[in-house]
Structures are given as structure tokens and as C-alpha cells.
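Worksheet for the structure shown next.
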Amino acid sequence: MTRHPHPEKLSLLSSHLDELFSRVLGCGGLKALPQDLADEIAATAGEVMIELAGLRGDELARGVIEDARRLREVVRAAGPETARAAEAGRALVRDLRLVIREDRRAA
């Protein structure tokens, strides 16, 4: 894997996603996510995409970018379902952690 130029930014985004999905779990009784939470998740997923844009040649980074794109689609839908958002978010966080771990190994 190619080293990411801002590994601390990826770690911050990963932590922020963890916080956001803790809030999603708190919405377990709701069928749809609150719009402000959906907007914040979409914005954070977009930031992940931007941070990894320079690593599109890396298969793992491409996978995370695709996870982030999928998550944005889910939360941008009208009345995004809490369960679908949680599932898409788990995939993004899991794969983003792999990128961070690989980036640290490359250092």
C-alpha cells in the first residue's frame, strides 16, 4: 500500500465515524435516521473519499472509497433506514481501519 500523506486525518475520520454510528445505534427504535445525523454521516463519508482520492491505484483504498460512496447513497435516500445505514457504516469503518493499519505498517 502507498503511504497516505495525512494518516492522522484518516484516524480522526475513523473516530468520528465511530461516534456517528454510536448515535445511529441510539436510533435503533427509529426506522429512519434523523436528517441532521444522515447529513453528518454523508459529509464524513465524503471527507474519507477526498482523503483517499490520491490512492485510487491501491485496491484497498478503492474499496474504502466504494464503501464511502455506498454509505453516502444510503443516507442520502429519502428517509434513510437506520439498519441499512448501520450496515453500510460498519463496512466503511472496518475497511478504513484496514487502510490505517496498512498505512502504519508501510511507515
Legend entry - Under-5 Å amide H pairs with Ala32, H placed in peptide plane, nonlocal only: Thr82
Inset, instruction - Using a 10 Å cut-off on Cβ atoms, rank the peptides 95-103, 60-68 from the highest mean neighbour count down. - result: 60-68, 95-103
Legend entry - Point-to-point label distance, Glu66-His16, nm (Cα→Cβ direction, 7 Å offset): 2.5
Legend entry - Positive minus negative residues near Gln35 (Lys, Arg vs Asp, Glu; Cβ under 15 Å): 0
Inset, instruction - For the range 1-70, count the residues as N, evaluate 2.2 N^0.38 Å, and divide the Cα radius of gyration by that value, please. - result: 1.22
Legend entry - Value in Å of the Kirkwood radius, where the range 31-107 supplies the Cα pairs that are averaged: 12.7
Legend entry - Local electrostatic count at Arg70 - Lys and Arg +1, Asp and Glu -1, tallied over other residues with Cβ under 15 Å: +1
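Only the coordinates and a few stated rules stand behind these numbers; no lab work does. Model, not experiment: these values are computed from the prediction. Heads up, the Cβs are rebuilt from the backbone with ideal geometry, glycines too, and the neighbour counts pull from every protein chain shown.
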